[in-house]
Amino acid sequence: MAVVSATSNGTVENYRKGWLLKRTHFTYRWKLAWFELKDSLLVYGDNEKRLHKAINLVGARMEPLEGNTSFGWTITSGDSSHRIFFLRASTEEEQQQWMEAICEAQLRSGDPGPNACVLQ
């Protein structure tokens, strides 16, 4: 679900929220998590009320998983950790919508960095 809303100071906030699969960092298992795209952060957690982690999208690199039919993509953080987050949507359309929303958030951040994304 994508949402566009205006803030009190007249700026437009574009964010997206919904369930995605995220591969866990240590066990490499796919786990369902709730994600919300807010400004240049992709926040996530166990459910809508418990968003306890975030991926900073400024300077991050996003790429679809090659040869993958499971609608997955990666986000490599732009900070010094260069951590790679593996995400998966339930449909190709949902994957494309998330990737477009993330690209738009990066471009709106004012500092997309050298890794600004290009979608096909």
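General observations
- Looking at the stretch 1-81, the strands (runs of 3 or more DSSP E) lying wholly inside it that each contain 3 or more residues that are modelled with pLDDT of 85 or more sit at 12-23, 30-38, 41-47, 50-56, 61-64, 72-76.
- Residues satisfying the stated conditions in the stretch 30-73, i.e. polar (S, T, N, Q), within 11 Å of the chain's Cα centre (by Cα) and surrounded by fewer than 17 Cβ atoms within 10 Å (Cβ to Cβ): Asn56
- Pairs with Cβ under 6 Å, 6+ apart, first in the stretch 87-112 and farther than 13 Å from Ala60 by Cα, second among the hydroxyl-bearing types (Ser, Thr, Tyr) and open to solvent by less than 40 Å² (accessible area, probe 1.4 Å): Arg88/Ser70
- Restricting attention to the stretch 74-92, the residues that are open to solvent by less than 80 Å² (accessible area, probe 1.4 Å), more than 16 Å from Lys31 (Cα to Cα) and touching a Ser or Thr at 6+ places or on another chain (Cβ under 8 Å) total 1.
The values are calculated or read from the model by the stated rules, or taken from the named source; none is laboratory data. Values in this document were obtained by computation on a predicted structure and should not be read as measured data. Cβ sites come from the backbone with ideal geometry, for glycine too, and all protein chains shown count toward neighbours. Each accessible area value is taken on the protein alone, full model and side chains, heavy atoms only, with ligands, DNA and RNA left out. Shrake-Rupley method; radii C 1.70, N 1.55, O 1.52, S 1.80 Å.
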